[in-house]
Amino acid sequence: MSASRIRLTGVGHSYGTNSGVPTPVLDRIDLEVGQGEVVALVGPSGSGKSTLLDLLEGRFPPRRGEVYCSPGAASGRMARVYQDRALLPWRTVRENVELPLELLRIKDGRRERIDQALERAAVAEFGNFLPGQLSGGLAYRASIARALVTDPEILLLDEPFGSLDEVTAESVMLVLEDVLMECGSTSVFVTHNVEQAVFLSDRVVVLSPRPTKVAGIIDVKRPRPRRREFLGEPSFANCVRDVRQCMRRGQS
Amino acid sequence: MTLARLRQWISPTVALAGLLAVWEVAGRVTHASTPVPTQILYSLATDSRFYLENTGATMLEAVGGLLLAIVIAYLTASLFAYWAPVRRAFFPLVIASQGIPLVAIAPVLATIIGDGFFSRIFITAWLCWFPLVVSATHGLLHVEPEHYALFATYGASRSDVFWKLRVPNCTGTVLAGMRAAAGFAFIGAIVVEYSGATKGLGAFVISQARQPTDMVRVFGVVVVSALAGLLLVQVSHGIARYLLRRYLPAER
């Protein structure tokens with residue numbers, strides 16, 4: 001494996017509460033993600049998956065341990081795709097995709113960058129639509145396009161399929177596979193859907209319930225790009241089973 | 001107009017016509033000093049110069065007051081949104097100031113700052129700035145957490161957050177506030193004329209209240225002020241919608 005892009009060493013975190021006793025969220029997390037690797041974090045609700053993404057983004061420092069992430073958020077080479085899409089409703093898809101370039105004061109080749117990002121996320125023909133006119137799947141693809149417009153080296157995805165129906169989720173998943181393949185970003189995504197985690201990732205990191213530890217790591221050895229057929233293969237089913245077992249062990 | 005909408009109008013129109021008919025008959029039978037609807041209508045039709053002149057004077061004060069209030073309110077709201085300490089110190093005072101019955105102290109204010117045209121505008125502005133400042137502050141502050149997080153991911157500057165997120169975000173609440181303020185502005189302008197004005201709907205009403213000589217005109221003024229108030233609300237709302245259409249997804 002090539003050099004790590006992301007390294008968490010003994011990371012622990014807790015949130016303050018009204019009673020003054022902090023609620024531990026992350027107990028001790030050790031994790032390394034190599035260049036170009038796609039890692040899925042799966043775990044039960046409330047296992048601090050989003051907190052982990054916040055830490056990777058450097059939104060706040062962990063209470064314990066160390067977070068190394070290169071390049072960091074300030075560089076503009078890190079992008080995050082939000083669970084609720086976070087598209088600005090008063091901007092068209094195109095203008096939403098342009099926003100990161102505006103914020104980062106990137107002026108060169110805006111048009112080309114936007115066109116390419118829209119193309120990659122398969123929303124090119126919806127550039128002039130407003131978010132309110134898009135279905136859930138299209139809105140998600142638009143938010144992927146926005147993340148891709150800066151050519152991020154690190155891509156964080158928060159519950160990519162959270163609110164999508166099964167059929168839409170599958171088509172978005174296939175689009176995402178192409179996107180991840182093509183842009184070669186180091187990617188971390190959190191989900192509670194085991195099948196999608198296995199399909200998209202090189203490694204699935206199973207998290208235990210709160211306070212969260214790494215309950216196990218399952219390697220998905222299947223080469224890329226992966227196609228729909230992978231879903232029907234025995235190796236896929238085996239990986240899914242392994243992840244489920246690991247989750248059960250983590251629960252008990 | 002569809003049949004369903006026509007239906008919506010029929011019942012209240014018939015009810016109003018019925019009430020006016022009862023008033024007309026009762027007035028003519030009892031020979032009361034209160035004028036009957038046909039007399040008022042006749043006065044409105046034949047005495048239009050009187051009504052137009054006075055409505056114009058009041059309308060000028062209402063529009064002037066509304067515009068002044070808009071300028072002051074949006075500057076204040078921006079200040080509140082930009083500097084939290086200023087907001088924490090002064091926003092509660094703004095809310096508390098509504099405990100003062102402004103209608104009751106308007107005459108006192110007029111005595112203090114004079115009863116000229118500009119002081120009437122100033123008092124009118126004070127009467128209607130509250131819904132504007134509250135709605136704008138609310139809209140500027142209450143942005144979607146994920147939208148804010150998105151801006152933070154790209155290290156957006158304070159001014160980018162303000163102009164590209166907070167300002168477009170507040171247009172909806174600003175429109176609602178504008179509606180309320182326009183209503184207050186017209187009422188405000190009438191009330192302010194109670195103390196010292198020689199022209200305007202309020203000035204006429206108060207002179208008649210002291211020494212009733214022309215009850216038909218008084219009722220005509222009531223009708224005209226209701227219509228003019230409504231007109232101000234609708235027109236100012238329409239203008240605001242037009243100016244803000246860029247940020248109103250439904251308008252594009």
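Scanning for something within 10 Å of chain B (Cβ to nearest Cβ) and on the phi > 0 side of the Ramachandran plot, does the stretch A:130-145 turn up at least one residue? No - not one qualifying residue is present in the stretch A:130-145. The stretch A:143-252 holds strands (runs of 3 or more DSSP E) entirely within its bounds, and those carrying 3 or more residues that are at pLDDT below 85 map to A:212-219.
So A:VAL42 passes all but one of these: (1) over 21 Å from A:ARG249 (Cα atoms); (2) modelled with pLDDT of 85 or more; (3) more than 14 Å from chain B (Cβ to nearest Cβ). Which condition number does it fail? Evaluating A:VAL42 over (1) over 21 Å from A:ARG249 (Cα atoms); (2) modelled with pLDDT of 85 or more; (3) more than 14 Å from chain B (Cβ to nearest Cβ) leaves (1) as the failure.
Of the residues screened, A:ARG91 is one that is more than 20 Å from the chain's Cα centre (by Cα), among the charged types (D, E, K, R), closer than 25 Å to A:GLY136 by Cβ and within 12 Å of chain B (Cβ to nearest Cβ). State whether the residues of the stretch A:21-38 include one that is of a type outside the set (A, V, I, L, M), within 14 Å of another protein chain (Cβ to nearest Cβ), surrounded by fewer than 19 Cβ atoms within 10 Å (Cβ to Cβ) and in contact with a strand residue (DSSP E or B) (Cβ under 7 Å, 6 or more places away or on another chain). Within the stretch A:21-38, none of the residues are of a type outside the set (A, V, I, L, M), within 14 Å of another protein chain (Cβ to nearest Cβ), surrounded by fewer than 19 Cβ atoms within 10 Å (Cβ to Cβ) and in contact with a strand residue (DSSP E or B) (Cβ under 7 Å, 6 or more places away or on another chain).
Okay, residues lined up against (1) within 14 Å of chain A (Cβ to nearest Cβ); (2) of a type in the set (A, V, I, L, M); (3) surrounded by 17 or more Cβ atoms within 10 Å (Cβ to Cβ); (4) under 30 Å from B:HIS31 (Cβ atoms):
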{"site": "B:TRP163", "(1), (2), (3), (4)": "yes, no, no, no"}
{"site": "B:PRO168", "(1), (2), (3), (4)": "yes, no, yes, no"}
{"site": "B:MET178", "(1), (2), (3), (4)": "no, yes, yes, no"}
{"site": "B:PHE186", "(1), (2), (3), (4)": "no, no, yes, no"}
{"site": "B:TYR194", "(1), (2), (3), (4)": "no, no, yes, no"}
{"site": "B:SER225", "(1), (2), (3), (4)": "no, no, yes, yes"}
{"site": "B:LEU230", "(1), (2), (3), (4)": "no, yes, no, no"}
{"site": "B:ARG245", "(1), (2), (3), (4)": "yes, no, no, no"}
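Only one entry of A:PRO152, A:PRO131 meets the criterion of being surrounded by 18 or more Cβ atoms within 10 Å (Cβ to Cβ), over 18 Å from A:GLY184 (Cα atoms) and touching a Lys or Arg at 6+ places or on another chain (Cβ under 8 Å), and that entry is A:PRO131.
So for the stretch B:244-252 (the condition being over 20 Å from the mean Cα position of the chain (by Cα) and closer than 22 Å to B:VAL63 by Cα), does at least one residue qualify?
yes
Within the stretch A:170-189, the set of residues being within 13 Å of the chain's Cα centre (by Cα) and not β-branched (Val, Ile, Thr) comprises A:MET173, A:LEU176, A:GLU177, A:LEU180, A:SER185, A:SER187, A:PHE189.
Scanning the stretch A:92-128 for residues that are farther than 20 Å from B:ASP160 by Cα and among the acidic types (Asp, Glu) yields A:GLU112, A:ASP115, A:GLU119, A:GLU125. Where helices (runs of 4 or more DSSP H) sit wholly within the stretch B:159-252, those with at least 1 residues that are in contact with a Ser or Thr (Cβ under 7 Å, 6 or more places away or on another chain) and of a type in the set (Val, Ile, Thr) occupy B:171-193, B:215-243. If only residues of the stretch A:97-121 that are under 19 Å from the mean Cα position of the chain (by Cα) and buried (at least 20 other Cβ atoms within 10 Å of the Cβ) are counted, the one that is farthest from the other protein chains (Cβ to nearest Cβ) is A:LEU118. When restricted to residues that are in contact with a Lys or Arg (Cβ under 8 Å, 6 or more places away or on another chain) and over 18 Å from A:LEU180 (Cβ atoms), the stretch A:47-63 contains 3.
Listed by position, the helices (runs of 4 or more DSSP H) contained in the stretch B:1-94 that have at least 2 residues being more than 25 Å from B:HIS237 (Cα to Cα) and of a type in the set (Val, Ile, Thr) are B:3-30, B:37-46. Restricting attention to the stretch A:7-60, the residues being farther than 26 Å from A:VAL220 by Cα, in a loop (DSSP other than H, G, I, E, B) and of a type in the set (Ser, Thr, Tyr) number 2.
Going by the conditions given, is A:GLY76 on the phi > 0 side of the Ramachandran plot, crowded, with 18+ Cβ neighbours inside 10 Å and at the interface with chain B (Cβ under 8 Å from one of its Cβ atoms)? Spelling it out, A:GLY76 is indeed on the phi > 0 side of the Ramachandran plot, crowded, with 18+ Cβ neighbours inside 10 Å and at the interface with chain B (Cβ under 8 Å from one of its Cβ atoms). Among the residues of the stretch A:193-252, those that are closer than 21 Å to A:ALA169 by Cα, touching a strand residue (DSSP E or B) at 6+ places or on another chain (Cβ under 6 Å) and of a type outside the set (A, V, I, L, M, F, W, C) comprise A:SER201, A:ASP202, A:ARG203.
The number of residues in the stretch B:129-157 being in a helix (DSSP H, G or I) and either acidic (Asp, Glu) or within 12 Å of chain A (Cβ to nearest Cβ) (or both) comes to 9.
The values are calculated or read from the model by the stated rules, or taken from the named source; none is laboratory data. The shown structure was predicted, so the numbers you read here are calculated from the model rather than taken from an experiment. Methodologically, a virtual Cβ is constructed for each residue, glycine included, from the backbone with ideal geometry; neighbour enumeration extends over all protein chains shown.
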